[in-house]
1. Kindly indicate the residue of segment 7-25 that is among the polar types (S, T, N, Q) and modelled with pLDDT of 90 or more and also surrounded by the most Cβ atoms within 10 Å (Cβ to Cβ) among those meeting that condition.
2. Which of the following residues is over 26 Å from Glu218 (Cα atoms) and either in contact (Cβ under 8 Å) with a residue 12 or more places away in the chain or basic (Lys, Arg) (or both): Thr78, Thr10?
3. Given (1) loosely packed, with under 15 Cβ neighbours inside 10 Å; (2) polar (S, T, N, Q); (3) within 21 Å of Arg182 (Cβ to Cβ), identify the lone condition not met by Thr289.
4. Return a yes/no flag: does segment 45-56 have any residue that is touching a Ser or Thr at 6+ places or on another chain (Cβ under 7 Å) and buried (at least 24 other Cβ atoms within 10 Å of the Cβ).
5. I need the full set of residues from segment 121-140 which are of a type in the set (Asp, Glu) and more than 22 Å from Lys91 (Cα to Cα), in order please.
6. Restricting attention to helices (runs of 4 or more DSSP H) lying wholly within segment 272-375, give those where 3 or more residues are within 21 Å of Phe43 (Cα to Cα).
7. Hey, can you tell me all the residues within segment 32-60 that are in a loop (DSSP other than H, G, I, E, B), touching an Asp or Glu at 6+ places or on another chain (Cβ under 6 Å) and within 16 Å of ligand 1 (Cβ to nearest atom)?
8. Can you give me the ranges of the strands (runs of 3 or more DSSP E) entirely in segment 195-237 with at least 3 residues that are farther than 20 Å from Tyr119 by Cβ and in contact with a His (Cβ under 9 Å, 6 or more places away or on another chain)?
Amino acid sequence: MFTELTEGTTRILVPAQHLTKSMFYNPAMELCRDIDVASIAVFVSSLPAFSHKKYIDALAGTGVRGIRVANEVGLQVTINDRSTPAYELIKRNIMLNAIEERASACNENANVLLYRKHYDLVDIDPFGSPIPFLDAASQSVKEMLLITATDTAPLCGAHTGGLRNYGARPLNTEYHAEMGTRVLLGAATRELAQYDKAIQPLLSYASAHFIRLILKVEKGAKKADASMQRQGFIAHCFSCGHRFAFSCEDMLDMCVNNTCELCGKKIRIAGPLYIHPIKDTKFCESVHTELGKRELGKKREAMKIIHTCIHELDIPFFYEHHALCKALKIQPPSITSLIDALRSHGFSASRTQFSDTGLKTNARVNELKALVKEL
Ligand SMILES: C[S@@+](CC[C@H](N)C(=O)[O-])C[C@H]1O[C@@H](n2cnc3c(N)ncnc32)[C@H](O)[C@@H]1O
Ligand SMILES: [Zn+2]
């Protein structure tokens, strides 16, 4: 019935038949859990009496996330799943790791638990959209909120539902993974602001199937007001590829000219979404060091993601290097040579975690195209 695995330094029983179907346990998320363990360890290391901090894995499945946080970071954890077989398995996994003093299992609706009590760290890792749990999580959380979304199609604008579910319009651009991440950050900003709380993104990243946000939460109406100002819109021209971001204040103060200043065609607007930095560089550097010190199954991949995040420019979109060269009907130069060329022309340029073939730059698309042609 069950197979025993090891993640990090934690032993975990998972249902053998669900190993690939991921009903309870998704092996592909080990990377995400490795990054969580290092990120939570870094975050709590600066807090007084951190071993008393309360973390909740509200949608736990086998309990692997919460059990790892208790075992590998040393926090007090509540591990909850409304499914009774999952709850029974969580209890077995707690015993297997001998962490009964630090971990308790619950068999409740996550929202009921979250509305009932405040937790220092709240982790929401659902199938699909986190929206059904975001209000309760926002009310409950005191210091750190961790959110997964696997409904990347509506978030990224590939399917409808962005506006309905997230209160924002995404556009299906080449940088859709980043757009989805920023739409989710915008939704989290608005939910928390209702409780006079503000987010400070510490680390945000996306893969093909999920988006993960690790957010510091701060209390105070002024901070919440300031966080709302970090939202805005992205204007995109699907004809020439011109794109720019502007704040919500700008949107309210001016009437956006909807013709592209580069090619004269119509531009389209995405948002509201989060347009400020989506990571904290110092925090990411500490997470990188922490990952290096730990015993982790996906250490190399995790360190690569964090390394890219550290060096990624704080610009809210990127350019797909291959799409750009295809439009120009030229053979793509290497992305490194393009980044070097941009820098030697006085522009900023970096890779992006969102795509291996994406690049961020403060050059405008016409300047970028001119430079690509020269290479
Ligand atoms: C994606 S799985 C969790 C995976 C787990 N966090 C991990 O890292 O392996 C989502 C879980 O949420 C549970 N769930 C769904 N709705 C819930 C609710 N309203 N309250 C509590 N648990 C719920 C499901 O039974 C399922 O086990
Ligand atoms: Zn244009």
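The values are calculated or read from the model by the stated rules, or taken from the named source; none is laboratory data. From a predicted model like this one, the values you see are computed outputs, not experimental measurements. Note: ideal-geometry Cβ built from the backbone for every residue, glycine included; neighbour counts use all protein chains shown.
1. Checking each candidate, the answer is Thr10.
2. One residue alone meets the criteria, Thr10.
3. Among (1) loosely packed, with under 15 Cβ neighbours inside 10 Å; (2) polar (S, T, N, Q); (3) within 21 Å of Arg182 (Cβ to Cβ), Thr289 violates only (3).
4. For segment 45-56, residues touching a Ser or Thr at 6+ places or on another chain (Cβ under 7 Å) and buried (at least 24 other Cβ atoms within 10 Å of the Cβ): present.
5. Asp135
6. Correct list: 281-293, 299-311.
7. Just the residues of segment 32-60 that are in a loop (DSSP other than H, G, I, E, B), to begin with: 46-49, 53, 58-60.
Imposing the further condition that a residue be touching an Asp or Glu at 6+ places or on another chain (Cβ under 6 Å) reduces the set to 53, 59-60.
Answer for segment 32-60, where residues must be in a loop (DSSP other than H, G, I, E, B), touching an Asp or Glu at 6+ places or on another chain (Cβ under 6 Å) and within 16 Å of ligand 1 (Cβ to nearest atom): Leu59, Ala60.
8. Values: elements: 197-206, 211-219, 231-236.
It comes to 231-236.
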